[in-house]
Amino acid sequence: MKKMSYLLAVLLLFSGCTSMEPALSVPQTTSFPVKGRQGLMINQKLSFGDYKTSRVKRSWTRGRNTRIDVLSGQAADPAYPNLVSLNYNNRDQSYHFQMTDFFGNVSDIYAASGFFSKDLQIGDNPNSIINILEDLFSGINFSSNVFYLQVFLNEQERPWQLVLDNDAAQFFAKEYTGLFAIDKYNYYTLKPITRVQGKKGPEDLIMGSVGYEIFNNKEESVAAVSLVDNGTVYLHTKDPDERFLMSNLCAALLLQEEISE
């Protein structure tokens, strides 16, 4: 993330922008600065607004938790990709955390980065995130630098799944779209943020992106996350359940940027 921040600073200098504040499609929005993202990763916890994570467990390969028997590697539903058995480049690219809110919602989040999308394909399973992608966006191809996420809410056995091509999100930021879905009818799209606030209004970055803006299946912006420096979360939706879901997603995206540090 430090390298990306430096690159963005250079790009902003040449583009005439004075900050890395995202220019979002929603003109007025409340921002929540993120705490706990940088510094020592031991016992790391993130917090922003009314939301905070549990201690982030990285490189998890053994032990038990509320969703997966990691020792045997069997998920609650074997139809979903098993994050423990996926062939990452190294185990430092996986992590798990939980999140709660004032309404009694609780979640379990499992994430991994740095592998091929073909590893997420499980036969003809209609709930495979790759199959959902193919149904919604035909002709999608991914690199070997894929970020995959499972978000289990409350007692649900079916997870929300995210797939992001980290390379495409930077090199083809203006064309790329990521997908966060539980099925082909209930999903969100993630669009890289390629505009920032300049002296005279929004200005385009020369290349790359500073984060993601998240849209529902009606193309309405519901949230956004800036991945620059400590990070900032923007929650546009007023629905408490959707805000909780988006907070989980944004926290996972913020943590993913730290895996390679």
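The values are calculated or read from the model by the stated rules, or taken from the named source; none is laboratory data. The structure presented is a predicted model; accordingly, all values stated were derived computationally and were not measured. Don't worry about glycine lacking a Cβ; one is built from the backbone with ideal geometry, like all the others, and counts go over all protein chains shown. The protein model used for the area step is the full one, side chains on, heavy atoms only, and it has no ligands, DNA or RNA in it. Shrake-Rupley method; radii C 1.70, N 1.55, O 1.52, S 1.80 Å.
A compact table of results
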| item | result |
| --- | --- |
| Simple label model, 7 Å out from Cα along Cβ direction - GLN28 to GLN156, nm | 3.2 |
| The stretch 174-261: chymotrypsin sites (Phe, Trp or Tyr not before Pro) falling in loop per DSSP and having at most 16 other Cβ within 10 Å | TYR185 |
| Unit charges on C-beta of K, R, D, E only; dipole of the stretch 203-261, Debye | 220 |
| LYS199 versus THR237: modelled label distance in nm, points set 7 Å from Cα along the beta carbon direction | 3.9 |
| Calculated FRET efficiency for the pair ASP50/GLU134, C-beta based, R₀ 35 Å, to 0.05 | 0.45 |
| Solvent-accessible area, 1.4 Å probe, carbon plus sulfur percent, for the stretch 112-261 | 46 |
| Cα-based shape type of the stretch 181-250, given that a ≥ b ≥ c are square roots of the gyration tensor eigenvalues and the cut on a/c is 1.5 | prolate |
